[in-house]
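The values are calculated or read from the model by the stated rules, or taken from the named source; none is laboratory data. From a predicted model like this one, the values you see are computed outputs, not experimental measurements. Neighbour counts run over all protein chains shown; Cβ positions are idealised from the backbone, glycine included. Surface accessibility is based on the protein's heavy atoms, side chains included, excluding ligands, DNA and RNA. Shrake-Rupley method; radii C 1.70, N 1.55, O 1.52, S 1.80 Å.
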Amino acid sequence: MRSITLLIVLAFAAITQAQQLVLRHLDEERGLPSNCVLDLHVDQEGLLWVATNNGLYRYDGFTYERIGVGTPIDEVNIVHMRSFPQQELMVFAAYGKRLFFMKSGRLREVQAPDNGPVWADNGAVSSMALDATGELIVGFSNTAGRGRVDLVTGRMTLEELEPDGYAGHV
């Protein structure tokens, strides 16, 4: 019995040693563009997306690539990211009324209505989901409303929810 227990312990030790977890500390000294990180996201390819107060970056384990240099996304702080691999879609939400999406490698800003009760409170996008038709649905903080984004045209329509609806959830 003791030999079986010892064999099991040795086998477990060999397995756990072969699967050693490697941790790396990422900071400005090691190439991180800013220590003020607002959101992190790992996509289907295993790339780390880093939203900082100094721009949006994609990290491959060796280098940081700045995303959207010279475009409107480079002027804002991204605070929420989400990917939808089945649609080859990545969505980025910024403070206030800014929403961007990257579909099949093309980065676009969502064209949102300038007014409307749902959008008037300047609430940020707090949640994102795809509906059964592949349309992007976004929930806002501080309001009982949501937006529907047509990924072909890049336009958003706003919908108010019933007064007892939950703000920010889709």
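General observations
- Taken over segment 130-170, the criterion of being at pLDDT 75 or above, outside any strand (DSSP E or B) and exposed (fewer than 14 other Cβ atoms within 10 Å of the Cβ) is satisfied by ASP131, ALA132, THR133, GLY134, VAL152, THR153.
- Every residue from segment 38-52 that is outside any loop (DSSP other than H, G, I, E, B), open to solvent by 30 Å² or more (accessible area, probe 1.4 Å), of a type in the set (A, V, I, L, M) and at pLDDT 90 or above: LEU40, VAL42, LEU48
- Candidates ASP74, ASP60: the one that is in contact (Cβ under 8 Å) with a residue 12 or more places away in the chain and surrounded by 12 or more Cβ atoms within 10 Å (Cβ to Cβ) is ASP74.
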